[in-house]
């Protein structure tokens with residue numbers, strides 16, 4: 001791998017100005033690293049705009065591929081799929097009529113009992129355009145930004161309605177969503193068992209994105225595999241009752257502290273997200 | 001400073017960062033996304049001057065961080081160090097040999113994430129780490145090692161295709177022709 005010859009011109013490669021330039025660059029980077037968060041976010045947004053043409057190209061390529069796929073589908077299959085969707089639509093309409101009746105009833109009971117009125121959440125569909133290129137973060141970028149009304153800390157759900165994370169930063173045209181399992185996404189959770197044990201969903205493993213850790217459970221928590229874990233009403237960010245996942249094993253005590261923890265298998269598949277719902281209050 | 005090869009390197013850096021974020025195939029298959037920037041830095045450090053090395057480290061590092069949750073600028077420092085060390089000793093390296101390119105790419109790709117993680121921990125960030133991170137580190141190192149000779153091959157071909165072709169001089173010279181026969 002090494003050869004003994006050392007040409008004279010290569011010795012001249014690093015002259016004094018280059019060392020000075022190197023030192024200046026290092027100092028500038030250290031300065032950037034210590035900038036306030038808001039300034040860094042703006043700088044990131046400006047730098048990220050370099051990728052806009054590539055996002056556009058990737059999006060149009062996907063559209064072309066999807067159209068080509070649609071054109072290849074035989075008419076009989078399309079008619080069959082249309083029929084199935086029509087039936088599903090009728091069923092869903094019936095369910096909506098029933099639930100709106102129940103919601104009205106619930107609202108009247110709340111008024112009678114003098115409970116606080118629950119605000120309804122609106123949803124917006126967003127497309128996942130990018131995943132964090134670094135392996136040590138679990139975030140995605142979506143194609144909705146502040147111009148679509150997004151702001152920080154809005155809950156994000158999978159297409160099936162399972163919790164996947166929250167909006168962590170917003171630019172004009174896109175937003176970053178920090179997913180469950182990332183150390184920066186902690187979710188107050190409730191186990192749907194008799195004791196209604198409360199805990200906090202914290203980070204998961206770096207390799208398997210389908211399991212996360214439910215920690216800060218009571219030391220005597222009777223948590224068993226298969227029990228549902230949903231968002232707790234103690235959270236200021238997430239509306240209560242959204243399914244996070246199922247308990248994967250029995251609760252185990254944590255050394256030196258009087259709490260226990262358990263693994264949770266997430267209901268949403270985080271590794272194949274293409275579209276997500278953003279909840280608006 | 002030769003402009004075209006350097007523009008090609010920067011353009012490749014931009015595409016590499018975008019592809020690492022946009023395409024999930026390797027991550028879904030192996031559990032880790034391969035970082036190709038250290039491999040590209042090996043190529044740039046061994047074939048270009050210090051100005052290009054500095055430009056690539058700053059440009060690609062900032063681009064990478066702009067798409068990531070990483071603090072802005074954190075990816076620049078490892079790339080800068082890799083480029084600097086390689087350029088200091090580049091006259092001693094057999095840069096044309098594939099095994100040397102692979103080894104350098106492997107070492108650079110192993111060094112870069114370790115340095116980034118250490119810097120993140122120094123800045124009191126909490127990246128997602130565990131025993132499985134070792135597997136990710138191995139995948140990143142080998143992936144970078146494999147990518148380095150490919151970068152060398154690709155840029156050699158591109159430079160050959162887009163650069164000026166060397167003029168092949170004939171050994172024939174009319175003024176030194178020996179004419180035989182009677183005049």
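Pairs of Cα atoms nearer than 8 Å and 6+ residues apart set the relative contact order; for the stretch A:122-281 it is 25 percent. Ordering B:172, B:151 by the number of other Cβ atoms within 10 Å of each residue's own Cβ, fewest first, gives B:172, B:151. For a test of the definition: using alpha carbon positions, the gyration tensor, and the 1.5 limit on a/c, classify the stretch A:225-274 as rounded, prolate or oblate. Oblate is the answer for the stretch A:225-274, as a/c is 1.5 or above yet b/c matches or exceeds a/b. Under the simplified labelling scheme, the residue A:98-residue B:176 pair shows an inter-label distance of 10.0 nm, with each label point 7 Å from Cα along Cα→Cβ. Based on C-alpha pairs under 8 angstrom that are at least 6 apart in sequence, the stretch B:3-160 has a relative contact order of 29 percent.
Mind running the shape call on the stretch A:76-204? Use the C-alpha gyration tensor, a ≥ b ≥ c as the square roots of the eigenvalues: rounded below 1.5 for a/c, prolate if a/b tops b/c, oblate otherwise.
oblate
Each label point was placed 7 Å from the Cα along the Cα-to-Cβ direction; for residue A:16 and residue A:68 their separation is 6.0 nm. With a Förster radius of 25 Å, plug the Cβ-Cβ distance of residue B:26 and residue B:162 into 1/(1 + (r/R0)^6) and report the FRET value to the nearest 0.05. It comes out at approximately 0.30.
Approximating the spin labels as points 7 Å out from Cα along Cα→Cβ, the residue A:30-to-residue A:172 distance works out to 3.5 nm. Quick check: from the Cα gyration tensor, does the stretch A:53-118 come out rounded (a/c under 1.5), prolate or oblate? Taking the square roots of the gyration eigenvalues as a ≥ b ≥ c, the stretch A:53-118 is oblate.
Using alpha-carbon positions, what is the distance between the centroids of the stretch A:163-205 and the stretch B:96-143, in Å? Rounded to whole Å, the Cα centres lie 28 Å apart. In chain A, the longest principal axis of the Cα atoms and the axis of helix A:16-33 are about 20 degrees apart.
Measuring r between the beta carbons of residue A:218 and residue A:105 and using R0 = 56 Å, the FRET efficiency lands at 0.95.
Taking the number of other C-beta atoms within 10 Å as the exposure measure, put B:164, A:238 in order starting with the fewest. Don't skip to the answer; put the middle values down first.
Values: B:164 7, A:238 25.
Fewest-to-most ranking of B:164, A:238: B:164, A:238.
Return one number: the angle in degrees, 0 to 90 and rounded to the nearest 10, between the long axis of the Cα atoms of helix A:52-72 and the longest principal axis of the Cα atoms of chain A. The helix A:52-72 is inclined about 50 degrees to chain A. Which angle between 0 and 90 degrees, to the nearest 10, do you get for helix B:132-162 versus the longest principal axis of chain B when only C-alpha atoms count? Orientation of helix B:132-162: about 20 degrees from the principal axis. Averaging the sequence gap over all C-alpha pairs within less than 8 Å and six or more residues apart, then dividing by the number of residues, gives chain A a relative contact order of 14 percent.
Among B:27, B:179, the order by Cβ neighbours within 10 angstrom, fewest to most, reads B:179, B:27. Applying 1/(1 + (r/R0)^6) with R0 = 51 Å to the Cβ-Cβ distance of residue A:42 and residue B:169 gives a FRET efficiency near 0.35.
Laboratory data are not the source of any read-out in this text; all were calculated from the coordinates shown. Everything numeric here is computed off the predicted structure, so don't read it as measured data. For neighbour counting, all protein chains shown are included, and Cβ atoms are generated from backbone atoms with ideal geometry for every residue, glycine included.
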